[in-house]
Amino acid sequence: MSRAAVLGLEDGSTWWGEAFGDASPAAGEVVFNTAMTGYQEIASDASYNGQLVVLTYPLIGNYGVFARAAESRRPWVEALVVRELNPTCREGTLDLDAYLRSNGVPGLAGIDTRALVRRLRTSTGTMRGVLLQVAPHLAQDPEIGREAVTKARATAALSTRPLVSEVVGVTREVGSGPKVALLDTGVKENQVRELVRRGATVKVFPSTVSAREILGWSPDGIVITNGPGDPASLPQVTATVRTLLDAALQRGAARPLPLLGICLGHQLIARCVGGTTSRLQFGHHGGNHPVRDTRTGRVVITSQNHEFQVDEGSIRPETGFVVSARNLNDGSVEGLAHRTLPIQTYQYHPEGAPGPRDNEPVFEAFLDEVRAAVLLAP
């Protein structure tokens with residue numbers, strides 16, 4: 001063992017193992033992901049900003065890291081916790097250890113991740129944790145373990161951090177075809193790729209820009225993306241989304257402006273129509289969550305990454321929105337749809353990455369609505 005590390009949780013438990021990645025400490029919320037593949041996509045998903053991610057699949061790193069698999073410009077997890085790290089890079093351009101090390105992200109290997117997940121699942125809610133690295137001769141040192149627990153309990157709530165503004169990129173434009181404005185609150189690159197692959201011009205706008213600037217581009221459709229944190233802590237972004245939603249509502253059916261909300265975007269749109277959001281006990285993170293479409297009865301397996309949900313009872317009939325999908329594990333809201341306008345939201349990640357590709361038709365349906373709106377334009 002070249003380096004030892006300990007994860008201390010706010011409940012007082014400590015988890016000792018071997019360090020990898022960067023040597024820096026890490027602090028934040030500790031969550032778990034149940035996907036069997038896609039560790040690079042998970043690490044680079046900006047929705048994990050501020051979180052230490054525990055992977056339940058036991059063997060991690062065996063196929064290396066690929067530039068094409070990155071979901072953003074860098075990994076956003078605060079730390080990665082695994083059962084067994086495979087140091088061999090069999091196919092990728094880098095191994096996982098080097099990838100995290102070069103991006104300043106620490107890791108912890110060699111612990112019983114299934115036992116850790118059981119503890120997280122039976123807790124009263126998502127716990128804060130701190131990862132500390134030490135020299136091998138200090139492994140299992142109780143003083144260091146107590147220090148990690150103390151620091152975990154002192155870690156500030158993620159709602160106090162500007163998580164969305166930390167992860168957004170710059171304005172850029174790719175593709176050709178109907179114009180889709182994408183409000184970046186932590187976008188996964190596969191969302192951009194799916195839209196471009198289906199024949200759209202996508203202009204990515206950082207969440208710091210105004211709705212006026214977005215509408216000034218005269219988009220044929222608008223996407224509000226995934227992103228990290230509590231939707232209730234984003235008043236400025238919510239105001240931007242409200243203006244964009246109002247534009248779509250005011251245009252009506254005669255001159256429609258299709259709008260698609262994904263994950264955080266789904267939650268923000270719900271809040272803009274008077275809905276409320278609340279925290280799940282330990283969130284949904286993984287690639288195997290069943291969701292039923294309430295209109296057709298069709299069940300799909302989905303990729304998920306979120307800590308918050310839309311409260312179903314808060315979506316009033318007079319808003320024009322109905323619940324269009326539910327999670328079959330806990331009944332939480334997985335989608336909203338406007339009764340008469342092409343406005344759809346999804347709590348899950350239709351682009352997968354990692355996860356099943358069952359839900360890619362979401363992008364096709366959205367672009368069909370965009371193309372139809374273009375034909376109706378004066």
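The values are calculated or read from the model by the stated rules, or taken from the named source; none is laboratory data. Computed from a predicted structure; not experimentally measured. Please note: Cβ atoms are built from the backbone with ideal geometry, for glycine as well, and neighbour counts cover all protein chains shown.
Among the residues of the range 234-250 satisfying the criterion of being free of Cβ contacts under 8 Å to residues at least 40 places away in the same chain and more than 22 Å from the chain's Cα centre (by Cα), which is surrounded by the fewest Cβ atoms within 10 Å (Cβ to Cβ)?
Gln250
Within the range 121-157, which residues are modelled with pLDDT under 95 and in a helix (DSSP H, G or I)?
Selection gives Arg121, Thr122, Pro136, His137, Leu138.
Would you be able to say whether some residue in the range 347-359 is among the polar types (S, T, N, Q) and either outside the structural domain of Leu260 (by TED's automatic domain parsing) or more than 19 Å from the chain's Cα centre (by Cα) (or both)?
First, pick out the residues of the range 347-359 that are among the polar types (S, T, N, Q): 347, 359.
Those left that are additionally either outside the structural domain of Leu260 (by TED's automatic domain parsing) or more than 19 Å from the chain's Cα centre (by Cα) (or both): none.
Within the range 347-359 (the criterion being among the polar types (S, T, N, Q) and either outside the structural domain of Leu260 (by TED's automatic domain parsing) or more than 19 Å from the chain's Cα centre (by Cα) (or both)), the answer is no, since none of the residues qualifies.
Which residues, counting only those in the range 81-120, are farther than 16 Å from Ala19 by Cβ, of a type in the set (Gly, Ala, Ser) and at pLDDT 95 or above?
Ala115
What do you reckon, is Leu280 surrounded by 24 or more Cβ atoms within 10 Å (Cβ to Cβ) and outside the structural domain of Gly125 (by TED's automatic domain parsing)? Can you show your working first?
On the way: surrounded by 24 or more Cβ atoms within 10 Å (Cβ to Cβ): no; outside the structural domain of Gly125 (by TED's automatic domain parsing): yes.
So Leu280 does not fit the description; no.
Would you check if there is a residue in the range 312-323 being within 19 Å of the chain's Cα centre (by Cα), outside any helix (DSSP H, G or I) and at pLDDT 95 or above?
Within the range 312-323, the first condition is being within 19 Å of the chain's Cα centre (by Cα), and the residues that meet it are none.
The answer is no, given that none of the residues of the range 312-323 is within 19 Å of the chain's Cα centre (by Cα), outside any helix (DSSP H, G or I) and at pLDDT 95 or above.
Within the set of pairs 6+ apart or on separate chains, which have a first residue in the range 171-198 that is over 12 Å from Gly265 (Cβ atoms), a second that is among the aromatic types (Phe, Trp, Tyr) and surrounded by fewer than 20 Cβ atoms within 10 Å (Cβ to Cβ), and C-beta atoms under 9 Å apart?
From the range 171-198, the pairs are Lys179/Trp217; Ala181/Trp217.
For the range 167-189, which residues satisfy the criterion of being modelled with pLDDT under 95 and out of contact with any Ser or Thr (no Cβ under 8 Å at 6 or more places or on another chain)?
Val170
Filter the range 135-160 down to residues that are basic (Lys, Arg) and touching a Pro at 6+ places or on another chain (Cβ under 9 Å), then give me how many there are.
1
So, in the range 131-171, of the ones that are more than 21 Å from the chain's Cα centre (by Cα) and of a type in the set (Lys, Arg), which residue ends up surrounded by the fewest Cβ atoms within 10 Å (Cβ to Cβ)?
Selected residue: Arg146.
If the requirement is being touching a residue at least 60 places away in the same chain (Cβ under 8 Å) and in contact with a strand residue (DSSP E or B) (Cβ under 6 Å, 6 or more places away or on another chain), which of these qualifies: Leu80, Leu7?
Just one listed residue meets the conditions, Leu7.
Testing Thr225 on (1) in contact (Cβ under 8 Å) with a residue 60 or more places away in the chain; (2) crowded, with 16+ Cβ neighbours inside 10 Å; (3) in contact with a Ser or Thr (Cβ under 8 Å, 6 or more places away or on another chain), one condition comes back false. Which one is that?
Of (1) in contact (Cβ under 8 Å) with a residue 60 or more places away in the chain; (2) crowded, with 16+ Cβ neighbours inside 10 Å; (3) in contact with a Ser or Thr (Cβ under 8 Å, 6 or more places away or on another chain), only one is false for Thr225: (1).
Looking at the range 52-76 only, could you name the residues that are over 15 Å from Gly286 (Cβ atoms) and of a type in the set (Val, Ile, Thr)?
The one that is over 15 Å from Gly286 (Cβ atoms) and of a type in the set (Val, Ile, Thr): Val65.
For the range 49-92, which residues satisfy the criterion of being over 13 Å from Tyr39 (Cβ atoms), surrounded by fewer than 18 Cβ atoms within 10 Å (Cβ to Cβ) and of a type outside the set (Ser, Thr, Tyr)?
Ala67, Arg68, Arg73, Arg74, Pro87, Arg90, Glu91
Against the definition (crowded, with 19+ Cβ neighbours inside 10 Å and of a type in the set (Lys, Arg)), how does Arg3 come out, yes or no?
no
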